Amino acid sequence: MTEKGLKFVDLFAGCGGMTLGLMQAGWSGLFAVEKNPMAFESIKANFLSSESKKRGVTLEWPDYLPREAIAIENLNDNDLKMRLFGKLDLVAGGPPCQGFSFSGRRNENDVRNALVEAYAAFVLKVRPTLLLIENVPGILVPHGKKRSSGSNPGKSYAQRLSSIMSEHYVFRGDVVDAAEFGVPQRRMRFFGVGILREALA
């Protein structure tokens, strides 16, 4: 894997946990997208510094993208499509989970819920071979009762994501317990993975 240099981009990267895990698994990180300035400072320290070079976990970071906090909706989509279409092996991401979590208000109208679709839009623009999305199990559960109006009434956001991707990706998801993978706590998480249909031909 390392020899092939499989490349990924991490969306909604936070402080870079998924970025670190992928790089430790042998993947090459191109860049990470995170809009919170404090979280992005952690990304800079951990993946864009002289110390990160010593540890072998440096993001390549292309010249056309500023090294700064940025919201996914503020990316130059046309520019990224031109530069990245068909050239990425993986787009990973963990969109905000507050609107899906049963530990919170689980607000159907939480504007952050739409960032799942922003993730899907990015994937469809650049067409990586693989996609990976992480979230809370509540993303599998529809909000409220089935309604007769609105887009995809009665569908969970995981189902919406699968539907949006279906033309170009085979997509599957399931809930796993992080404790079964070395995390010292019971932590249930949804992981969805997809593969480009063309890659299966």
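The values are calculated or read from the model by the stated rules, or taken from the named source; none is laboratory data. Owing to the predicted nature of the structure, the values given are computational and were not obtained by experimental measurement. A quick note on method: Cβ atoms are made from the backbone with ideal geometry, for glycine too, and the neighbour counts reach across all protein chains shown. Calculation scope for accessible area: heavy atoms of the full protein, side chains included, ligands and nucleic acids excluded. Shrake-Rupley method; radii C 1.70, N 1.55, O 1.52, S 1.80 Å.
Go through region 127-141 and report how many residues are in contact with an Asp or Glu (Cβ under 9 Å, 6 or more places away or on another chain) and open to solvent by less than 40 Å² (accessible area, probe 1.4 Å).
Residues flagged as in contact with an Asp or Glu (Cβ under 9 Å, 6 or more places away or on another chain) and open to solvent by less than 40 Å² (accessible area, probe 1.4 Å) within region 127-141 amount to 1.
Given the conditions (1) among the aliphatic types (A, V, I, L, M); (2) in contact (Cβ under 8 Å) with a residue 60 or more places away in the chain; (3) farther than 23 Å from Phe181 by Cβ, report the number of the one that Leu48 does not fulfil.
With respect to (1) among the aliphatic types (A, V, I, L, M); (2) in contact (Cβ under 8 Å) with a residue 60 or more places away in the chain; (3) farther than 23 Å from Phe181 by Cβ, Leu48 is out only on (2).
Do we have any residue at all in region 13-21 that's in contact (Cβ under 8 Å) with a residue 24 or more places away in the chain, within 22 Å of Gly192 (Cβ to Cβ), out of contact with any strand residue (DSSP E or B) (no Cβ under 8 Å at 6 or more places or on another chain) and not in a helix (DSSP H, G or I)?
There is at least one residue in region 13-21 that is in contact (Cβ under 8 Å) with a residue 24 or more places away in the chain, within 22 Å of Gly192 (Cβ to Cβ), out of contact with any strand residue (DSSP E or B) (no Cβ under 8 Å at 6 or more places or on another chain) and not in a helix (DSSP H, G or I).
When you check Ala32 against the structure, is it in contact with a Gly (Cβ under 8 Å, 6 or more places away or on another chain) and either on the phi < 0 side of the Ramachandran plot or of a type in the set (Lys, Arg) (or both), yes or no?
Working: in contact with a Gly (Cβ under 8 Å, 6 or more places away or on another chain): yes; either on the phi < 0 side of the Ramachandran plot or of a type in the set (Lys, Arg) (or both): yes.
The answer is yes for Ala32.
For region 31-40, how many residues are touching a residue at least 12 places away in the same chain (Cβ under 8 Å) and open to solvent by 20 Å² or more (accessible area, probe 1.4 Å)? Talk me through it step by step, then tell me what you get.
If we filter region 31-40 for residues that are touching a residue at least 12 places away in the same chain (Cβ under 8 Å), which is where we start, we get 31-37, 39-40.
If we keep only those that are open to solvent by 20 Å² or more (accessible area, probe 1.4 Å) as well, we get 34-37.
Of the residues in region 31-40, 4 are touching a residue at least 12 places away in the same chain (Cβ under 8 Å) and open to solvent by 20 Å² or more (accessible area, probe 1.4 Å).
What is the one condition in (1) surrounded by 12 or more Cβ atoms within 10 Å (Cβ to Cβ); (2) out of contact with any helix residue (DSSP H, G or I) (no Cβ under 7 Å at 6 or more places or on another chain); (3) assigned to a loop (DSSP other than H, G, I, E, B); (4) of a type outside the set (Lys, Arg) that Pro66 does not satisfy?
(1)
Can you work out which of the residues in region 72-104 that are small (Gly, Ala, Ser) and at pLDDT below 95 is surrounded by the most Cβ atoms within 10 Å (Cβ to Cβ)?
Looking at the filtered set, the residue picked out is Gly99.
Tell me which residues, restricted to region 12-28, are among the hydroxyl-bearing types (Ser, Thr, Tyr) and surrounded by fewer than 21 Cβ atoms within 10 Å (Cβ to Cβ).
Selection gives Ser28 alone.
On the given criteria, is Glu108 at pLDDT 95 or above and of a type outside the set (A, V, I, L, M, F, W, C)?
The answer is no for Glu108.
Quickly run through region 49-63 and pick out the residues that are assigned to a loop (DSSP other than H, G, I, E, B), open to solvent by 40 Å² or more (accessible area, probe 1.4 Å) and either of a type in the set (Gly, Ala, Ser) or in contact with a helix residue (DSSP H, G or I) (Cβ under 7 Å, 6 or more places away or on another chain) (or both).
Listed by number, the residues that qualify are Gly56, Thr58.
Among what's in region 152-201 and is touching a helix residue (DSSP H, G or I) at 6+ places or on another chain (Cβ under 8 Å) and among the hydroxyl-bearing types (Ser, Thr, Tyr), pick the residue that is modelled with the highest pLDDT.
Here the answer is Tyr169.
Sort out which residues of region 151-174 are surrounded by 14 or more Cβ atoms within 10 Å (Cβ to Cβ) and either β-branched (Val, Ile, Thr) or in a strand (DSSP E or B) (or both), and write them in order of number. Before the answer, list the steps.
Going through region 151-174, the residues surrounded by 14 or more Cβ atoms within 10 Å (Cβ to Cβ) turn out to be 155-165, 168-171, 173.
Those that are surrounded by 14 or more Cβ atoms within 10 Å (Cβ to Cβ) and either β-branched (Val, Ile, Thr) or in a strand (DSSP E or B) (or both): Ile164, Tyr169, Val170, Phe171, Gly173.
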